[in-house]
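Contents: one structure, followed by commentary.
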Amino acid sequence: MDIRAITFDYFGTLVDVDKGGIIGMEKVLNRIGIKPSKGIDEIYLDWDINNVRLYRGEKYQRYRDVAQRALVTTLDAIAPGISKQIELPFLTDLFLSNLVEEAPPHPEVPAVLAWMASRYPLMPITNMDTDLWQRSQLTQYFEHVTSAEMAKAYKPSSDIFKLALQRLAVPAENVLHCSLASWADIDGAKPLGMNVAWINRGRDVLGTWQPRPDFEYHDLSSVRILLENEVPSALKL
């Protein structure tokens, strides 16, 4: 294995996006005066499911626009008709701002990224809009990002991975992609020949018909160990 660049799923793999999303959802509900009978974390999960179903099932639209539609569905489910009485663009921005800005790095990530950045080109491949990603907490480790907004396609579409490889100017077989999301990233990266390290923080189980990653770890520290022990030191291109 001759790794010359490392790419990442960003939200979830590197930062705890659920924490940011729960904070954002709580602020939205407080703003509109809803006191739900179910937990904020459950409502956030409902939004996440609605959001993914929309962007996976339809022609490309900006993440912000899809997120707003998912927010309508989620809020109307707990307070029927509420979406017609509120400032949706403002509340969507309130929610997404907290989702990206308040998502903390997983504990081991900053040190591992600092080590990697001194040896490899690094690039997130994210379904988030570019400007939203730029408001997150780890952007200092990356010179470039490839977003769904740039590719006009969401993961697991091959279009976004192909664009990232083109921008890196590194062959797929020389790229290691690190990701928490199996359905979006293993399914998207493996058919192109990229090496994939599944960062399985939640001890999830892959589907029967899914492609298998090259490596499976519970956090990013193990990727550093892999690169130190099995791959000759690489220089930045």
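The values are calculated or read from the model by the stated rules, or taken from the named source; none is laboratory data. What you are looking at is a predicted structure, and each value in this text was computed from that prediction instead of being measured. Note that each Cβ is placed from the backbone with ideal geometry, even for glycine, and that neighbours are counted across all protein chains shown.
Considering only region 190-208, how many residues are free of Cβ contacts under 8 Å to residues at least 40 places away in the same chain and crowded, with 21+ Cβ neighbours inside 10 Å?
Selection size over region 190-208: 3.
Quick check on my filter: what residues within region 108-135 are out of contact with any Asp or Glu (no Cβ under 8 Å at 6 or more places or on another chain) and surrounded by fewer than 18 Cβ atoms within 10 Å (Cβ to Cβ)?
Pro110, Ala111, Ala114, Trp115, Ala117, Ser118, Arg119, Asp131, Gln134
From the list Ala169, Ala164, exactly one residue is crowded, with 24+ Cβ neighbours inside 10 Å and either in contact (Cβ under 8 Å) with a residue 12 or more places away in the chain or not assigned by TED's automatic domain parsing to the domain that holds Leu113 (or both). Which is it?
Ala164
Take residues that are of a type outside the set (Phe, Trp, Tyr) and within 27 Å of Tyr60 (Cα to Cα) and tell me which of the helices (runs of 4 or more DSSP H) falling wholly in region 145-237 contain 3 or more.
It comes to 148-151, 158-168.
Inside region 2-40, can you point out the residues that are out of contact with any strand residue (DSSP E or B) (no Cβ under 7 Å at 6 or more places or on another chain) and either surrounded by fewer than 14 Cβ atoms within 10 Å (Cβ to Cβ) or among the polar types (S, T, N, Q) (or both)?
Asp2, Asn30, Gly33, Lys35, Ser37, Lys38, Gly39
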